[in-house]
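Below: one structure, written as structure tokens.
Just so it is clear, none of the values below were taken in a lab; they were calculated from the coordinates. From a predicted model like this one, the values you see are computed outputs, not experimental measurements.
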């Protein structure tokens, strides 16, 4: 058992009817209440982590500097976290300042110029 699998005691309050239902289900399946709670939490976390809305929220907060990489890794997994880190680095890079090529007419002589006013900028 790794350190992350070591059990941790958690205390929380729940409406009595939920505990009663949980106990009835535990008895039906001949399982411990704790086992059912851990299973339910695990499933909820997996479903949430796979949600597009959740992943977008994590990405936005990471890009805005509100989440550290290690937290992102815990929330969405190592592979997605690495992809977000690479995208963030790409977004933070300054754009390349490339001059237009002198020897190629990319518009083939068909250029339209637009005049902009001060309000358009």
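Taking 20, 103, 90 as the candidate residues, the one with maximal mean-square fluctuation in a Gaussian network model of the chain, Cα springs under 10 Å, is 103.
When the chain is treated as a Gaussian network with alpha carbon springs shorter than 10 Å, the biggest mean-square fluctuation among 16, 70, 50 belongs to 16. For the chain, modelled as a GNM whose springs connect Cα atoms under 10 angstrom apart, the maximal fluctuation among 22, 87, 75 occurs at 22.
Labels on offer are (i) -0.43, -0.56, -1.01; (ii) -0.75, -0.90, -1.12; (iii) -0.83, -0.91, -1.15, and the one holding log10 I(q)/I(0) by the Debye sum over Cα atoms at q = 0.12, 0.14, 0.20 Å⁻¹ computed from this structure is (ii).
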